[in-house]
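*Asks:* Let me give you the structure first, and then I'll get to my questions.
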Amino acid sequence: MLKSVLHINIGFLMGVAVTSLFYVGMPIILNEKFYPFASAIAVVFSAVLAFTSAFYTLRINSNKAIEKNTIEAIENGKGKIGAEFLFITSYLKKHQLCEHEALSELAQRYTQYEEIAGITKTLNELESICSNALSGYYDWNIIVKNRGATIINVWEKLKPYLEERRRIQKALISKDYPTLKHDKFLPFHSIEKAYDHLRKDPYNNRKEAKLLALASLCLLIPCSPALIAIYFNLFL
């Protein structure tokens, strides 16, 4: 939202700047001898503005494609918790006194349980969704609205399981491939990162609101001479 408002404000200020330049600035900057060049300069500025407009139009079309892909992923049920997670619930009820250890042990022996296959599939889908959302290939706001609670619940309830799976894979990676040991290549890294984004300090929201207010006030700057003139004519 903040970026969209800033883009609108920048476009408005650019329009004001161009108008001021040609209706006020040009007669002052150029004398009568060089004033015919103003038309050429106007063409250049118009071309720049047209290019900028085309760029943002393409950006909007790209955003629509991103939204479409995100909605399709959600409608296909990717990353949605289903009945397969009842196995986890049942498993934890049997190990209430040592839940953390139970989940870590389950991660070590996950191949012994048929039910884990469905859980692994859902977790991998959720990891893919988080990765695409964080990379900008999916719309983050749509993902938060439809999978935000799932991301939080999965990480908070299954954190020992996810971290143990990650530790096991990291140990299996050969020393010849140190790049693959980087956190971003390990299982469920994107789920954790998305969770961190969702649990951010609400101060960030307040900061965004302040920036939006400041950006809106900037629009008054080019209008200030007219406002001052109106004030003097009406009240003085």
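What follows draws every value from the coordinates through simple rules; no lab data is involved. Predicted model only: the values in this text are computed from it and were never measured. Cβ atoms come from the backbone with ideal geometry, glycine included; neighbour counts cover every protein chain shown.
*Asks:* Note down the nm distance, to one decimal, between modelled labels 7 Å out along Cα→Cβ at His100 and at Ala83.
*Replies:* My value for the distance between the label points is 3.5 nm.
*Asks:* With label points built 7 Å along Cα→Cβ from the Cα atoms of Ile173 and Thr111, find their separation and express it in nm.
*Replies:* Simple spin-label model gives 2.0 nm for this pair.
*Asks:* Still on this structure, I have one more. Under a crude label model (7 Å from the Cα following the beta-carbon direction), how far is Ser135 from Leu198 in nanometres?
*Replies:* Computed distance between label sites Ser135 and Leu198 equals 2.0 nm.
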